[in-house]
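Presented below is the structure to which this report refers.
The values are calculated or read from the model by the stated rules, or taken from the named source; none is laboratory data. Quantities reported herein were computed from a predicted structural model and do not represent experimental measurements. Cβ placement follows ideal geometry from the backbone for every residue including glycine, while neighbour counts extend to all protein chains displayed. These accessible areas exclude ligands, DNA and RNA; they are computed on the full protein's heavy atoms, side chains included. Shrake-Rupley method; radii C 1.70, N 1.55, O 1.52, S 1.80 Å.
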Amino acid sequence: MAEPPLIMVLNGPNLNLLGTREPDIYGADTLDDIAGRLEDEAAALAVRLDMRQSNHEGHLIDWLHESAAPAERGGAHAVIINPGALTHTSIALRDAIGGIATPVIEVHLSNIHARESFRRRSHISPVVHGTIAGLGPEGYSLALRAAARLKR
């Protein structure tokens, strides 16, 4: 019997500080709180979840490359990524996403388009399947439901 599809959830710089970092913008939920809810939702959707966080751009790029492997070698059905501030600065992350066939959904807790002008431009959005911004932790849940239905 085949394993259920794998959805990778990648979180970038400073997302390990959720719950304490600017809760008026990012909310009171920690990344562990979000992960717990997503695990429950993944079980209901019959998908496996692999949630990771790094403050290092290279880790995120390596994990994106890993996601592109065939499923039998640990590749992912889809990726959900909250790149944090790398959204606005990283051409390398953009190129990594654009260079893989794995569908990627971009998620932001806050509405990046309603914030400071430097946060309004995403280098990531042009190369992802879709973007969800401004819905808080619910954005991850919406992305998970969408990712579970995508074709790879």
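Considering region 134-147, and only residues there that are within 23 Å of Leu17 (Cα to Cα), open to solvent by 10 Å² or more (accessible area, probe 1.4 Å) and of a type in the set (A, V, I, L, M, F, W, C), the residue that is nearest to the chain's Cα centre (by Cα) turns out to be Leu142.
Take the residues of region 54-95 that are farther than 13 Å from Ser125 by Cα and of a type in the set (D, E, K, R): which is modelled with the lowest pLDDT? Within region 54-95, the match that is modelled with the lowest pLDDT is Glu72. Going through (1) within 30 Å of Arg73 (Cα to Cα); (2) open to solvent by less than 30 Å² (accessible area, probe 1.4 Å); (3) modelled with pLDDT of 95 or more one by one, Leu150 falls short only on (3).
Of all positions in region 38-46, at least one carries a residue that is among the small types (Gly, Ala, Ser), buried (at least 19 other Cβ atoms within 10 Å of the Cβ) and more than 22 Å from Asn111 (Cβ to Cβ).
Yes or no, residue by residue, for (1) in contact with a strand residue (DSSP E or B) (Cβ under 8 Å, 6 or more places away or on another chain); (2) within 12 Å of Ile7 (Cβ to Cβ); (3) small (Gly, Ala, Ser):
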| position | (1), (2), (3) |
| --- | --- |
| Asp50 | yes, yes, no |
| Arg73 | no, no, no |
| Leu86 | no, no, no |
| Leu109 | yes, no, no |
| Ile112 | yes, no, no |
| Ser117 | no, no, yes |
| Leu135 | no, no, no |
| Glu138 | no, no, no |
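For Ala68, the conditions (1) surrounded by 13 or more Cβ atoms within 10 Å (Cβ to Cβ); (2) under 21 Å from Ala85 (Cβ atoms) all hold with the exception of (2). Residues that are surrounded by fewer than 13 Cβ atoms within 10 Å (Cβ to Cβ) and either under 13 Å from Pro137 (Cβ atoms) or in contact with a His (Cβ under 6 Å, 6 or more places away or on another chain) (or both) within region 1-24 comprise just one, Pro23. Counting the residues of region 25-34 that are open to solvent by 70 Å² or more (accessible area, probe 1.4 Å) and assigned to a helix (DSSP H, G or I) gives 1. For region 88-133, a residue qualifies if it is open to solvent by 30 Å² or more (accessible area, probe 1.4 Å) and acidic (Asp, Glu), and the qualifying residues are Asp95, Glu116. When Thr30 is tested against (1) among the polar types (S, T, N, Q); (2) more than 17 Å from Ile105 (Cβ to Cβ); (3) out of contact with any Ser or Thr (no Cβ under 9 Å at 6 or more places or on another chain), only condition (3) is not met.
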